[in-house]
Each structure stands twice: as structure tokens, then as C-alpha cells.
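Worksheet for the structure shown next.
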Amino acid sequence: MKIKIYLQTLDGDIIVKIPEGTGHGEILRVRGRGVPTTARGRDGHRGDILVHINIVMPKKLSKEAKKSVEELRREGV
């Protein structure tokens, strides 16, 4: 299951798809959607947007959630 997130950029909102298996601390690159550069010979070229993945786990889980997590653990996830 791919997760889609909506990011606000200087040029409007974009959708970023986060692939399965992406982990905490990984960086996704969205090519050509960053700030325009003004370096000599590269006018009009746009930089990239870097999306840092920060996964936050809840501190408390319900009994149902704990059971689900345990089932996933048994499956090796």
C-alpha cells in the first residue's frame, strides 16, 4: 500500500507517494519541483525537494492495537 502525502510548495500543493518499506530517517527526492536556480547557464532550472521521513509511534496503544502489533511481529513485520 502506497501512502500519499500532500505538500505545500511555493508553486502550490504536490502529492508525494511514499513507497512500501520506507523507513524512519529516509529521504525521498522530488526532482525538479524545488526553488528555481539562477546560476550562470542554468536559468530556469529547478532544484529538488527533499522529503525527510519521520515516523512517530504512539506512546500508548489500545488492547486491540497491541494485539495487532503482536500479530504483525509473529509474521516477521
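Suppose the filter is out of contact with any His (no Cβ under 9 Å at 6 or more places or on another chain) and hydrophobic (A, V, I, L, M, F, W, C); does Ile53 pass it? If you could, list the steps in order and put the result at the bottom.
Working: out of contact with any His (no Cβ under 9 Å at 6 or more places or on another chain): no; hydrophobic (A, V, I, L, M, F, W, C): yes.
In short, no.
Of the conditions (1) in a loop (DSSP other than H, G, I, E, B); (2) without any contact (Cβ under 8 Å) to a residue 12 or more places away in the chain, Arg33 satisfies every one except a single condition; which number is it?
Here Arg33 clears every test but (2).
Being among the hydrophobic types (A, V, I, L, M, F, W, C), touching a His at 6+ places or on another chain (Cβ under 9 Å) and in a strand (DSSP E or B) narrows it down to one of Leu28, Leu7, so name that one. Lay out the reasoning, then the answer.
On the way: Leu7 fails: touching a His at 6+ places or on another chain (Cβ under 9 Å).
None of the other options fit; the residue is Leu28.
Please find, within the range 2-16, the residue that is modelled with the lowest pLDDT out of those that are on the phi < 0 side of the Ramachandran plot and surrounded by fewer than 10 Cβ atoms within 10 Å (Cβ to Cβ). I'd like the intermediate steps shown before the answer.
If we filter the range 2-16 for residues that are on the phi < 0 side of the Ramachandran plot, which is where we start, we get 2-11, 13-16.
Then keep just the ones that are surrounded by fewer than 10 Cβ atoms within 10 Å (Cβ to Cβ); that gives 2, 4, 6, 8, 10, 13, 15.
Values: Lys2: 76, Lys4: 93, Tyr6: 94, Gln8: 92, Leu10: 83, Asp13: 94, Ile15: 94.
If we take residues in the range 2-16 being on the phi < 0 side of the Ramachandran plot and surrounded by fewer than 10 Cβ atoms within 10 Å (Cβ to Cβ), then Lys2 is modelled with the lowest pLDDT.
The values are calculated or read from the model by the stated rules, or taken from the named source; none is laboratory data. Keep in mind that this is a model prediction, so the values were computed, not measured. A quick note on method: Cβ atoms are made from the backbone with ideal geometry, for glycine too, and the neighbour counts reach across all protein chains shown.
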